[in-house]
1. Could you tell me the extents of the chain's C-alpha atoms along the three principal axes, largest first, rounded to whole Å?
2. Using the per-residue mean of other Cβ atoms lying within 10 Å as a proxy for protection, in what order, highest first, do the peptides 156-169, 356-369 fall?
3. Tell me, what ³J(HN,Hα) does each residue in the stretch 403-418 have, in order and in whole Hz, if you take phi through Karplus 6.51 cos²θ - 1.76 cosθ + 1.60 with θ = phi - 60° and put x for Gly and Pro?
4. How big is the equivalent ellipsoid of the stretch 374-420 along its three axes, where each semi-axis is √(5λ) from the Cα gyration tensor, reported in whole Å from largest to smallest?
5. Report, by chain and number, residues whose modeled amide H sits under 5 Å from the one on residue 165, excluding near sequence neighbours (fewer than 5 apart, same chain).
6. Using only Cα atoms and rounding to the nearest 10 degrees, what angle (0 to 90) does helix 183-202 make with the longest principal axis of the chain?
7. Quick one: which of 23/423; 23/296; 10/328; 43/151 span more than 25 angstrom between C-alpha atoms?
8. Okay, helix-only estimate at 222 nm for the chain: each DSSP H run of n ≥ 4 adds -39500 (n - 2.57), divide by all residues, round to 500 deg cm²/dmol; what do you get?
Amino acid sequence: MHTFASSISKVFYGTLIHSLSIKEIEYIRQGLLFIDDEGKIAKLVKNVPEDRVEAELEGVDEDRVVRLNDDQFIIPGFIDTHIHAPQYTFCGNGHDLPLLEWLDTYTFPRESKFADKEYAHKLYTKSVARSLRNGTTSACWFATIHLDACKELVNIIQEQGQRAYVGKVNMNQNSPDFLIETTESSVRDTRAFIEYVNKTNAQLNHKPLITPIITPRFAISCTSDLLTELGKLAKEYNLPIQSHLCENMNEIGFTMSLFPQSVNYTAVYADHGLLNDRTIMAHCVHMKDEELDLMKEKNAGISHCANSNFNLKSGMADVRKMINKDIKVGLGTDVAGGYSPSILEALRASRSCSVARNADTTLLVTELFYLATMGGARVMELQDTIGNFQIGKEFDAILVNTSADNSPVDVFDHDSIETKFEKYLFVGDDRNNEKIYVQGKEVRLPDSKVASHK
């Protein structure tokens, strides 16, 4: 007989923290969070004293209950809306150069190595695992132009259990001879990649976590006919789209010289059918008001990559203006322009960026946490699936322990759950991420004994 209790795979009892809106964080003390066997949040009961727990469990076995101590809490998993999987190999290098020179010196030579599938497997295994260890339960990955390596990245993400958008990169002009496609091969391999992901997903016994995403590297690297074909593919398969936009002034000037028929850089993507409510544009540092208005009109999302923008000396995006215009904004690590695959570091850089831009309109903790979770969910158009602990959403979460072994956070007698949480945001790191959950299951990292999603 199917009962409520029989449908529950896990229950968490303790402190739960999530965003109700960009202006409000909810701290739930003595909460009971029920996760069903499909990985969805089935029930949430607040303020349950210890002597009422058994009654509130409604017959769920005690061995399914995870009891948190006073230094532990559960938060939604972080969402990285912009990260380059192959660039993890030189993460932390090359920040003495601006964007276009950095690409030529570091990025393109390293990405060319991914023609070797075995090399790709070794690197991608580490890249995805590092992202997950840092609490990123959902990521928007750029791969490379190499079809076999892109398939390998999908296999690794599937094995480790992350939720992901994965893009085979497209580039058929203004690229080195060792890292370039023809229009025909780029479109052919992109279609093959999409079909591979769809076929892989069809064989699963659970709701798929991986979605292919159309990924022109940026307008500079793609001819008009390739951009047009990619727009057609996105429409044919109903897929999300990701690229770079207005990151660097030299990039903007070069782009407009290539596409003089478009009124601005943002319009280049719109003119080729690549700007809509499933589009994610990274950086958006030097946006004209009319470009932001076009982003809002199309309901496209922005990935704010403050760490990378500082490192490559690109500039400081006006996130306050984006928020005031109600444009969808999330955070991106942009490895390896960003030196860290941690959204906590992206959050901190975003705070510094907002202070440097205007000390009177800095981003608040409530806003930063929202951008790292619900904001990213909105950018990915997954706000009805993940981002907070609303009943019916899938359980993507981090079990944080502020007193974990070798924790960078020191907890004192005067600390409240609010101050412990804030310390984690600004002092904590992956050592505090005791367990990571995606779709209700604890993720599998290399050498771990946790069951995978397969």
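1. Largest first, the chain extends 70, 53, 40 Å along its Cα principal axes.
2. 156-169, 356-369
3. 10, 5, 4, 6, 4, x, 9, 9, 9, 10, 4, 7, 6, 9, 5, 5
4. That gives 30, 11, 10 Å for the three semi-axes.
5. 139, 140, 141, 211
6. Between the helix axis and the principal axis of the chain, the angle is about 20 degrees.
7. From 23/423; 23/296; 10/328; 43/151, over 25 Å: 10/328; 43/151.
8. Calculated from helices alone, the mean residue ellipticity at 222 nm is -9500 deg cm²/dmol.
Read-outs throughout are calculated quantities, based only on the coordinates presented, and are distinct from any laboratory measurement. These numbers come from a predicted model, not from an experiment. All Cβ positions, glycine included, derive from the backbone under ideal geometry; neighbour counts span all protein chains shown.
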